[in-house]
Amino acid sequence: MKSTIIYDDIHAWHVFARDPEKVEGIIDTNQYMVKANNRVLLLDPGGIEIFSSMLTAVLHHVHLEEITDLFASHQDPDIISSLGLWEQALPGARLHVPWLWEGFIRHFGAKKIKYMPIEDHGGTLDLGEVKLQFIPAHYLHSSGNFHIYDPKAKILMSGDVGAVLDKPDAPMFVEDFDAHIEKMKMFHQQWMPSNRAKQDWIKRVGKLDIDILAPQHGGLFQGADVKRFLDWFEELDVGIAIP
Amino acid sequence: MTTQETVLIAAATVTSELSEVSQVAKNMTLSVMNAKTISQCAGESARGFHPITDYIEDIAKNIDHLVIQISEEARTLSRLSVIYSQSEIGLKRYETVIRKAKDAAHVSSLKGIMQKLYDEFENCRTLLLRKLESLSVSLDDMKNITRSSIVISIMSRVEAAGAFEFRKDLEVVADNLESSTEDIRSHTDISYDKIITVMEQLHRETQK
Ligand SMILES: [Fe+2]
Ligand SMILES: [Fe+2]
């Protein structure tokens with residue numbers, strides 16, 4: 001699995017993706033890790049099928065005991081079905097999840113891990129060097145859904161918003177925004193159910209200072225592409241599958 | 001087939017075969033009630049048949065109890081097979097990490113976890129084997145019951161022979177008992193063989 005450091009200061013952001021050993025037929029996912037001095041957080045650590053590659057990649061950067069927190073933006077299998085396996089290695093870790101999904105996520109087989117339900121309005125996670133914010137993103141696409149904003153690194157981990165289901169060797173960052181639009185369109189129109197939720201999110205996220213918008217699938221947006229994406233998304237009509 | 005699949009199939013086989021046994025045992029009870037009435041009418045000429053009907057009644061009751069116990073054991077077996085399989089899958093995923101992460105700076109932090117996973121897996125295997133063994137013992141008990149049931153059916157045939165005008169009726173009772181016993185024996189054998197096959201597979205895997 002490829003691993004890239006996207007922010008490196010007193011704390012660091014890593015992205016793990018484009019696993020060449022990924023099983024045929026499953027979608028590629030971006031997993032993130034925030035490494036602070038005494039705390040390490042894994043964001044949307046992924047599905048069962050990529051667990052071995054993901055843990056291997058993580059072990060290049062941190063000792064297992066350093067990982068203290070997990071975050072699941074929502075309940076999807078590509079987000080967190082590996083939870084039962086992570087728990088074997090991290091029985092003392094805390095899992096931050098939308099309160100709505102706690103009882104559902106427990107179906108992934110983790111009993112010892114400490115569940116930290118996030119309330120609808122969001123909250124913060126203090127990792128020492130940085131205080132991360134849980135940004136509500138309900139109905140984009142999941143009904144209980146959060147993004148994570150890092151005000152120091154100016155990174156917004158945006159879950160399925162900004163995602164594309166791209167080729168396994170796609171670049172880590174979006175290189176040609178106009179070409180990228182074509183790939184994003186269907187994903188957002190089909191998976192995002194609510195224009196109202198979308199507008200509300202645009203309003204909230206528009207106020208944040210974002211250098212990198214980091215989705216859970218496909219290329220990350222940086223610099224001017226962030227605003228380009230927000231503008232494009234604002235105009236897009238979503239939830240189109242209703243006949 | 002994986003161990004879990006073999007175990008689940010074995011447990012399902014035991015459950016379905018035993019529900020057949022339970023049905024046969026119910027028929028046995030009905031038949032023995034009928035036999036009691038006949039032998040009462042036959043009076044002195046069927047005196048030896050009375051205790052036999054009591055025996056048959058006892059056998060049917062014992063079978064019923066054993067069916068409940070074995071079905072419960074089969075349920076536990078299915079549950080254990082799922083736990084076993086989860087433990088095996090987990091272990092395999094971690095073994096893959098060990099293989100892949102050879103040159104990772106922090107691979108040593110997996111040491112304790114691997115030991116824990118191996119221990120848990122061994123523990124699951126032991127529990128599974130124990131449950132299989134106890135099921136095989138229970139099924140063996142069932143086999144023993146059918147053995148005594150065969151003896152009773154022979155005795156009832158002898159008694160029927162001396163019951164003059166009730167001979168035919170009591171012979172029907174003896175026939176019923178014989179065929180019921182045969183049914184129960186064959187359902188039990190199918191279950192027993194399945195359990196033994198799984199135990200052998202598990203033992204072979206342990207040796208590997
Ligand atoms: Fe999703
Ligand atoms: Fe996703």
Ratio of alpha-carbon Rg to the 2.2 N^0.38 Å globular estimate for segment A:2-235, to two decimals, please.
0.93
Of the candidates A:165, A:59, A:125, which one comes out as most mobile in a Gaussian network treatment of chain A with C-alpha springs shorter than 10 Å?
A:59
What is the helix-to-structure angle for B:167-207, meaning the angle in degrees between its Cα long axis and the longest Cα principal axis of chain B, kept from 0 to 90 and rounded to the nearest 10?
10 degrees
Under the rule of at least 5 residues apart or a separate chain, name every residue whose amide H is placed under 5 Å from the amide H of residue A:6.
A:13, A:14, A:15
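Roughly to the nearest percent, how much of the accessible area of chain A is carbon and sulfur, given a 1.4 Å probe?
Working: 5250 of 10120 Å².
Of the solvent-accessible surface of chain A, carbon and sulfur hold 52 percent.
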Place a point 7 Å from the Cα of residue B:133 along the Cα-to-Cβ direction; which residues of segment B:79-105 have their backbone N under 18 Å from it?
B:80-81
With the 1.4 Å probe rolled over protein heavy atoms, segment A:2-235 has an accessible area per residue in Å² of 41 Å²
Starting from the 7 Å offset along Cα-to-Cβ, what nm value, one decimal, do you get for the label separation of residue B:30 and residue B:157?
2.4 nm
Please turn the phi angles of segment B:125-136 into ³J(HN,Hα) values with the Karplus equation 6.51 cos²θ - 1.76 cosθ + 1.60 (θ = phi - 60°), one per residue in order, whole Hz, x for glycine and proline.
4, 4, 4, 5, 5, 4, 5, 4, 4, 5, 5, 5
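Take peptide A:42-52, look around each residue's Cβ out to 10 angstrom, count Cβ atoms belonging to other protein chains, and average those counts.
Numbers: counts 0, 0, 0, 0, 0, 0, 3, 1, 0, 5, 10.
The per-residue average across the peptide is 2.
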Within chain B, what whole-number % of the accessible surface is contributed by carbon and sulfur, with the 1.4 Å probe and all protein chains included in the calculation?
55 percent
Any chance you could list P(r) for segment B:8-158, counting all Cα-Cα pairs in 10 angstrom bins from zero, rounded to whole %?
10, 27, 19, 15, 11, 8, 5, 3, 1, 0
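Across peptide B:94-101, what mean number of C-beta atoms from other chains lies inside 10 Å of a residue's C-beta?
Details: counts 6, 1, 6, 11, 3, 2, 8, 8.
What the average comes to for B:94-101 is 6.
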Calculated on alpha-carbon atoms, Rg and Dmax of segment B:2-96 in Å:
21.8, 78
Which one of A:207, A:112, A:183 has the biggest mean-square fluctuation once chain A is modelled by GNM with Cα springs under 10 Å?
A:207
Which of A:185/A:227; B:26/B:194; A:207/A:227; A:2/A:227 exceed 18 Å between C-alpha atoms? The answer is B:26/B:194; A:2/A:227
Long-range alpha-carbon pairs in the protein assembly as shown, meaning those over 37 Å apart, account in percent for 47 percent
Global geometry of segment A:62-169, whether rounded, prolate or oblate, following the gyration tensor of its Cα atoms and the 1.5 cut on a/c:
rounded
Taking the alpha-carbon centroid of each part, what is the distance from segment A:50-83 to segment B:29-75 in angstrom?
62 Å
How far, in degrees from 0 to 90, does helix A:177-191 lean away from the longest principal axis of the Cα atoms of chain A, to the nearest 10?
80 degrees
Would you calculate the separation in nanometres between label points at residue B:175 and residue B:201, each defined as 7 Å from the Cα along the Cα-to-beta-carbon direction?
4.1 nm
Karplus couplings for segment A:113-128 from phi (6.51 cos²θ - 1.76 cosθ + 1.60, θ = phi - 60°), rounded to Hz, Gly and Pro as x?
5, 8, 7, 10, x, 9, 6, 3, 7, x, x, 10, 10, 8, 9, x
Determine the distance separating the Cα centre of segment A:100-114 from the Cα centre of segment B:136-163; give it in Å without decimals.
53 Å
Accessible surface of residue A:231 - all protein chains present, 1.4 Å probe, nearest 10 Å²
70 Å²
Taking amide hydrogens as modeled 1.01 Å from N in the peptide plane, which residues meet the under 5 Å criterion relative to residue A:144, leaving out close sequence neighbours?
A:139
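Mind checking B:77-90 for the average number of partner chain beta-carbons within 10 Å of each residue's beta-carbon? If you can, show how the numbers build up before the last one.
Values: counts 0, 0, 0, 0, 0, 0, 0, 0, 0, 3, 1, 0, 3, 8.
Neighbouring Cβ atoms belonging to other protein chains average 1 per residue here.
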Largest to smallest accessible area among A:13, A:232 [probe 1.4 Å]:
A:232, A:13
Measure nothing fancy, just the Cα-based angle from helix A:224-235's long axis to the longest principal axis of chain A, in degrees from 0 to 90, nearest 10.
60 degrees
For segment A:102-107, in residue order, the Karplus 3J(HN,Hα) values (coefficients 6.51, -1.76, 1.60; θ = phi - 60°; whole Hz; Gly and Pro = x) are 3, x, 7, 5, 4, 5
Interface burial for B against A (accessible surface, 1.4 Å probe, total of both chains, Å², rounded to 100):
1600 Å²
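The values are calculated or read from the model by the stated rules, or taken from the named source; none is laboratory data. All values reported here derive from a predicted model rather than from experimental measurement. Glycine gets a Cβ as well: all are built from the backbone with ideal geometry, and neighbour counts include every protein chain shown. Keep in mind that these areas ignore ligands, DNA and RNA; they rest on the heavy atoms of the full protein, side chains included. Shrake-Rupley method; radii C 1.70, N 1.55, O 1.52, S 1.80 Å.
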